[in-house]
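Have a look at the structure below before the remarks.
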Amino acid sequence: MLGSLIAVGRTSQVFRYGNDAVAKVLGHRVPDHWASVEASLTASVRALGVPAPEVLDITAVDGRPAVIFELIEGPTMWQLMLDDRAAVGSLVHQFAEVQRSIHRAGVPDLVPASVERMGRKIAQVDVVSETDRRRATDVVQQLPRGAALLHGDLHPGNILVGPGGLVAIDWFDASVGHPAADVVRSRLLIGADMLTDRRHLPGATDADLQVMQDAYLVEMSDVLEEASDHLDDWIAATALSRIAEGTADDVEALASRWRDHNAHFDCTVGEDPSAVSC
């Protein structure tokens, strides 16, 4: 049943599976339960009418858990951008519309809160001090919660251009929260200033990313403006949480984004190590 290799990601490989499906096979270092998590999240958002692939099964391939999804025939939006750089502006507009439609979809079952998910990631980051982790967690807890569906990892490589339209894939990081959290995350994933791990956008140059980022920030300016009072907090915390994902990004650059933001806080730790006053 297992066919040709279609894509290789940081945590999985995707193969053709039979005539009309794909198998997303988890890597050996990935926890087995991630397959059921992604399957349930994808099914939950699809049930709301979000353009997500149908989950067909959860199985094992060569001893590793695998999610079987329907096959979406077509390139990624990123591939279209590489093939026709003059079309980047119009494609970014379509990308932004997909993201807005996700934010408007409603709240599905079984999807965690964005601030809780970010807090768990920050707790795993060991390149900053315990005080920094506590402060960052406190900052995240004070961010506006919101009640929108967030993809959590949306970039042009995670949108397929299928026969029936655009389909968003890779829903493992889906959560519920403020749309600004999703926009800041996407901006990190397409920005040239800190993004050194570009495996999700193969072939990307600094110039490509700058054009895409500039167009994206214009498209989503209303969301960012609405969250302007908290935007610096979101950017710094998102950069710090990215470290926990074990990418090949410049870890020090991501950590420095948090430290630079945190520098204006005069934080002291009292006798109670859980109490940080700023």
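Remarks
- Here residue 89 qualifies as in a helix (DSSP H, G or I) and either of a type outside the set (A, V, I, L, M) or over 22 Å from residue 163 (Cβ atoms) (or both).
- Verdict on residue 111 being among the β-branched types (Val, Ile, Thr), crowded, with 22+ Cβ neighbours inside 10 Å and touching a residue at least 40 places away in the same chain (Cβ under 8 Å): no
- Filtered residues of region 35-60 (kept if closer than 12 Å to residue 72 by Cβ, of a type outside the set (A, V, I, L, M, F, W, C) and touching a residue at least 24 places away in the same chain (Cβ under 8 Å)): 51, 53
- Of the helices (runs of 4 or more DSSP H) entirely within region 114-193, those holding at least 3 residues that are of a type in the set (S, T, N, Q) occupy 130-141.
- Complete set of residues in region 205-239 that are farther than 14 Å from residue 185 by Cα and among the acidic types (Asp, Glu): 206, 208, 214, 219, 222, 225, 226, 229
- Residue match in region 83-95 (condition: under 30 Å from residue 142 (Cα atoms) and under 19 Å from the mean Cα position of the chain (by Cα)): yes
- Contact annotation: residue pairs with Cβ atoms under 9 Å, 6 or more positions apart or on different chains, pairing a residue in region 210-223 that is without any contact (Cβ under 8 Å) to a residue 40 or more places away in the chain and more than 18 Å from residue 196 (Cα to Cα) with a partner that is basic (Lys, Arg) and in a helix (DSSP H, G or I), are 217/187.
- Of all the criteria given as (1) of a type outside the set (S, T, N, Q); (2) touching a residue at least 12 places away in the same chain (Cβ under 8 Å); (3) out of contact with any Phe, Trp or Tyr (no Cβ under 8 Å at 6 or more places or on another chain), the one not satisfied by residue 164 is (2).
Here, each number is a calculation from the coordinates, and none is a lab measurement. Every value quoted in this text rests on a predicted model; they were computed, and no experiment measured them. Neighbour counts run over all protein chains shown; Cβ positions are idealised from the backbone, glycine included.
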